[in-house]
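The values are calculated or read from the model by the stated rules, or taken from the named source; none is laboratory data. Note that this is a predicted model, so its numbers are computed, not measured. Neighbour counts are summed over all protein chains in view; Cβ atoms, including those assigned to glycine, are modelled from backbone coordinates with ideal geometry.
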Amino acid sequence: MAAGRMEFHADTIMQHTNFSFVLPTDSIIEEIKDPTYYDRPAKALILLHGLTGTDTDWLYGGVAHEVSKQYNLAIFMPTVGNSFYLDRGYAGGNYGSFVGEELPAFIRKSFGYCQSREDTIIAGLSMGGFGALHTALAYPDTFSSCIALSSALVIHEIARFKGRKNDVMPEGLVREVFGDPVTILDSDRNPEVLYRRNKAAGKKNPRIYMAIGTEDSLLECNQEFSSFLENENADFFYEDGPGVHNWDFWNGYLPRGIEWALGTN
């Protein structure tokens, strides 16, 4: 395995920013459970952190090294603060464009991955689960598949309580990230709007895998989004199982999502 951390200047967020990476370039084939994953070139996985997290979360708390090795994936993990991977609409605050456009372009130029939609997947946990869904739907020409774990799909809650009732994010941060709660459901902050927009435009939406723990407080909003996808006849797979909002659940279900995205499950 090859791993590291890189810093580069990102125009979309107007700063030098870090991302961590794990490459399967020197994997030992005897350690691979299914060597057929190495019958093809490595695919790219952009893997997103949750609220208060950083680019190293999936390295130290998660299973980035193991899934890179087992599934022949080049994994790239950016840092975006508590942005929910959304554009603020001004230069220096466009975190969605950073993950959906600028980072894949930098990876393509510097590492040679992300060469095609079919070879590029996005995944994340909690805030990063929302970010994976939103970014994949905002950039359907970049990502073929999305893996969303314990996704913070709080759009309807924010609209219902006008951004005031939130146990995790203060009202000011909610408004800064999502904008006016009154109009949020009809805005491009809402993944449902993006999905329908792509569909109306004849664009191919990415395939979507979702997983959530049955003891997770985000279970209901994930079930609601799953119902939305079912009503839209989307190419998706939803599952839940025993678990809370923690690394035990995410590390257990990320491989399941990868196998589904790769068409092996």
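For region 112-124, filtered to residues that are closer than 16 Å to Ala261 by Cα and not small (Gly, Ala, Ser), the residue that is surrounded by the most Cβ atoms within 10 Å (Cβ to Cβ) is Ile122.
Residue check: is Glu224 surrounded by fewer than 19 Cβ atoms within 10 Å (Cβ to Cβ), without any contact (Cβ under 8 Å) to a residue 12 or more places away in the chain and of a type in the set (D, E, K, R)? So Glu224 does not fit the description; no. Checking each residue in region 53-65 for being surrounded by fewer than 22 Cβ atoms within 10 Å (Cβ to Cβ), in contact (Cβ under 8 Å) with a residue 24 or more places away in the chain and in a helix (DSSP H, G or I) picks out Leu59, His65.
Confirm whether Thr120 is within 13 Å of the chain's Cα centre (by Cα) and more than 18 Å from Val22 (Cα to Cα). No: the conditions fail for Thr120. Per the listing Ile147, Ile158, the residue uniquely modelled with pLDDT of 95 or more and aliphatic (A, V, I, L, M) is Ile147.
Checking each residue of region 204-211 against the condition of being closer than 23 Å to Thr52 by Cα, crowded, with 17+ Cβ neighbours inside 10 Å, in contact with a strand residue (DSSP E or B) (Cβ under 6 Å, 6 or more places away or on another chain) and aliphatic (A, V, I, L, M) gives at least one match. Residues in region 88-109 that are touching a residue at least 24 places away in the same chain (Cβ under 8 Å), out of contact with any Asp or Glu (no Cβ under 8 Å at 6 or more places or on another chain) and either among the hydroxyl-bearing types (Ser, Thr, Tyr) or part of a helix (DSSP H, G or I) (or both): Phe98, Val99, Gly100, Glu101, Leu103, Pro104, Phe106, Ile107.
Taken over region 19-36, the residue count meeting the criterion of being closer than 17 Å to Ala74 by Cβ and either of a type in the set (S, T, N, Q) or surrounded by 12 or more Cβ atoms within 10 Å (Cβ to Cβ) (or both) is 9. Restricting region 79-111 to residues that are surrounded by fewer than 18 Cβ atoms within 10 Å (Cβ to Cβ) and at positive phi leaves a set whose member that is modelled with the lowest pLDDT is Gly89.
Could you go through region 129-149 and let me know if any residue there is in contact with an Asp or Glu (Cβ under 6 Å, 6 or more places away or on another chain) and under 24 Å from Gly213 (Cβ atoms). Scanning region 129-149 turns up no residue that is in contact with an Asp or Glu (Cβ under 6 Å, 6 or more places away or on another chain) and under 24 Å from Gly213 (Cβ atoms).
Whether any residue in region 15-24 is in contact with a helix residue (DSSP H, G or I) (Cβ under 8 Å, 6 or more places away or on another chain), without any contact (Cβ under 8 Å) to a residue 60 or more places away in the chain, outside any helix (DSSP H, G or I) and among the hydroxyl-bearing types (Ser, Thr, Tyr) is what I want to check. Yes.
Would you call Ala42 over 25 Å from His245 (Cβ atoms) and modelled with pLDDT under 95? No.
When you check Arg197 against the structure, is it without any contact (Cβ under 8 Å) to a residue 12 or more places away in the chain, surrounded by 13 or more Cβ atoms within 10 Å (Cβ to Cβ), under 20 Å from Leu86 (Cα atoms) and not β-branched (Val, Ile, Thr), yes or no? Answer is yes for this residue.
When the residues of region 66-87 are filtered to those that are assigned to a loop (DSSP other than H, G, I, E, B) and among the hydroxyl-bearing types (Ser, Thr, Tyr), the one that is farthest from Met127 (Cα to Cα) is Thr79. Say whether the condition of being farther than 22 Å from Tyr238 by Cβ, surrounded by 17 or more Cβ atoms within 10 Å (Cβ to Cβ), in contact with an Asp or Glu (Cβ under 9 Å, 6 or more places away or on another chain) and of a type in the set (Val, Ile, Thr) is met by at least one residue in region 154-175. No, the conditions are met nowhere in region 154-175.
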